[in-house]
Structure formats: C-alpha cells, structure tokens
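In what follows, a structure is listed as structure tokens, so that the remarks can point back to it.
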Amino acid sequence: MGLRREARELALQMLYALDANPSSGVQGTFQTFREEQAETSGRVREFAEGLVQGVMGRRDEIDEAIKARSKNWSLARMPRVDLNVMRLAAYELMFRPDIPKKVSINEAIEIARRFGDKESPAFVNGILDEIEACAKTELTSEEQ
C-alpha cells in the first residue's frame, strides 16, 4: 500500500473518531492516534493530519458541496464511513490542486470499497464525480 493511501485511510479513521466523539477535538484525536499507532511513519501521519486539518477547517463548505449533490440524502442519513470518505476526497478536489482529481476520486472509491458496504463505492463515486465536474466548470470560468 502506498504512503498516501495509508495516510488517507488513517485520516478516514481520525475523521470517523471525531464524528463519534467531537469533544475530543482535532488535537486530542491526533494525540490518541499517535499513541495508538506509534509504528506509523511520520510521513504518513503528517499527510493524514494535514488532510484532517484541511477537512475540519473547510467542513462547512465541503458538507454543503456534498449535500447539494446528494439527491434524497441528508448528511445525517448518510453512512458515516461514506460521508467521511467523501469529505476527504471533496477536500482534495476543491482545495488541493496539487493532487490530481482522478487520483482523489479513485482513492476514495477504493477506500469506500474497503471500509464501506457494497453500495459505498458507487454512491461515493456519483457524488464525487459531480463535485469534480462543478470544480472544473468553476476553474474554466475563472480562467476566462
């Protein structure tokens, strides 16, 4: 498994933990994961923590983008794994131009396949494809 895939999976676990126990806070969650996963390389942890900070710092915008594209699904009804996989990928799609968009989507689909249920990959892919299409449109209109 590649460094970034491992980091994304760790970030997913951190976001899930924050959903389950928001009072622990981002720094508290980081500390818990550092203690519990001491064998994780510094590069993996650094990338994962950067993703989590990015998601949490832009969570309202990310959640709005997901909500706007999820027909008949409120965020509260979405499986927590799927929602957090989409948050990670949407953060990359919307705010990390250094990461190829197709990579973000493909990684999210694979992570959803591993951690979600049998419906997760298709659901995640559908929402992220729409976010990517919207991001492309916004980019094109900004360039004009």
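The values are calculated or read from the model by the stated rules, or taken from the named source; none is laboratory data. Because the structure is predicted, anything quoted here is derived from the model rather than measured. We place every Cβ from the backbone using ideal geometry, glycine too, and count neighbours over all the protein chains shown.
Restricting attention to the stretch 99-108, the residues that are within 15 Å of Met1 (Cα to Cα) and β-branched (Val, Ile, Thr) add up to 1. Of all residue pairs spaced 6 or more apart or on separate chains, those with beta-carbon atoms under 6 Å, a first member in the stretch 22-48 that is closer than 16 Å to Leu12 by Cα and a second member that is acidic (Asp, Glu) and at pLDDT 95 or above are Phe30/Glu49; Val44/Glu6. Annotation: Gln27 fulfils all but one of (1) more than 20 Å from Glu119 (Cα to Cα); (2) modelled with pLDDT under 95; (3) loosely packed, with under 12 Cβ neighbours inside 10 Å; the unmet one is (2).
Take Arg45 and tell me if it is of a type in the set (Lys, Arg) and closer than 19 Å to Glu6 by Cα. Spell out how you get there, then give the answer.
Values: of a type in the set (Lys, Arg): yes; closer than 19 Å to Glu6 by Cα: yes.
Yes: the conditions hold for Arg45.
Kindly establish whether Gly54 is modelled with pLDDT of 95 or more, of a type outside the set (Asp, Glu) and crowded, with 17+ Cβ neighbours inside 10 Å. First the steps, then the outcome.
Numbers: modelled with pLDDT of 95 or more: yes; of a type outside the set (Asp, Glu): yes; crowded, with 17+ Cβ neighbours inside 10 Å: yes.
Criteria met by Gly54.
Is it the case that some residue within the stretch 37-49 is among the aliphatic types (A, V, I, L, M), on the phi < 0 side of the Ramachandran plot and part of a loop (DSSP other than H, G, I, E, B)? Working first, answer last.
The first filter runs over the stretch 37-49 and keeps only residues among the aliphatic types (A, V, I, L, M), leaving 38, 44, 48.
Filter once more, keeping what is on the phi < 0 side of the Ramachandran plot: 38, 44, 48.
From the residues that got through so far, the ones that are part of a loop (DSSP other than H, G, I, E, B) too are 38.
Yes, because at least one residue in the stretch 37-49 is among the aliphatic types (A, V, I, L, M), on the phi < 0 side of the Ramachandran plot and part of a loop (DSSP other than H, G, I, E, B).
Residues checked against (1) at pLDDT 95 or above; (2) aromatic (Phe, Trp, Tyr); (3) within 16 Å of the chain's Cα centre (by Cα); (4) more than 17 Å from Asp19 (Cβ to Cβ):
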{"site": "Ile62", "(1), (2), (3), (4)": "yes, no, yes, no"}
{"site": "Ile66", "(1), (2), (3), (4)": "yes, no, yes, no"}
{"site": "Arg77", "(1), (2), (3), (4)": "no, no, no, no"}
{"site": "Asn84", "(1), (2), (3), (4)": "yes, no, yes, no"}
{"site": "Asp98", "(1), (2), (3), (4)": "yes, no, yes, yes"}
{"site": "Arg114", "(1), (2), (3), (4)": "yes, no, yes, yes"}
{"site": "Ser120", "(1), (2), (3), (4)": "yes, no, yes, no"}
{"site": "Ile127", "(1), (2), (3), (4)": "yes, no, yes, yes"}
{"site": "Thr140", "(1), (2), (3), (4)": "no, no, no, yes"}
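Among the candidates Asp117, Asp60, Asp82, which residue alone is more than 17 Å from Arg4 (Cα to Cα), assigned to a helix (DSSP H, G or I), in contact (Cβ under 8 Å) with a residue 24 or more places away in the chain and among the acidic types (Asp, Glu)? Let's see the steps before the verdict.
Numbers: Asp117 fails: assigned to a helix (DSSP H, G or I); Asp60 fails: in contact (Cβ under 8 Å) with a residue 24 or more places away in the chain.
None of the others qualify; the one that does is Asp82.
With respect to (1) within 21 Å of Ser104 (Cβ to Cβ); (2) touching a Ser or Thr at 6+ places or on another chain (Cβ under 8 Å); (3) not hydroxyl-bearing (Ser, Thr, Tyr), the lone exception for Arg5 is condition (2).
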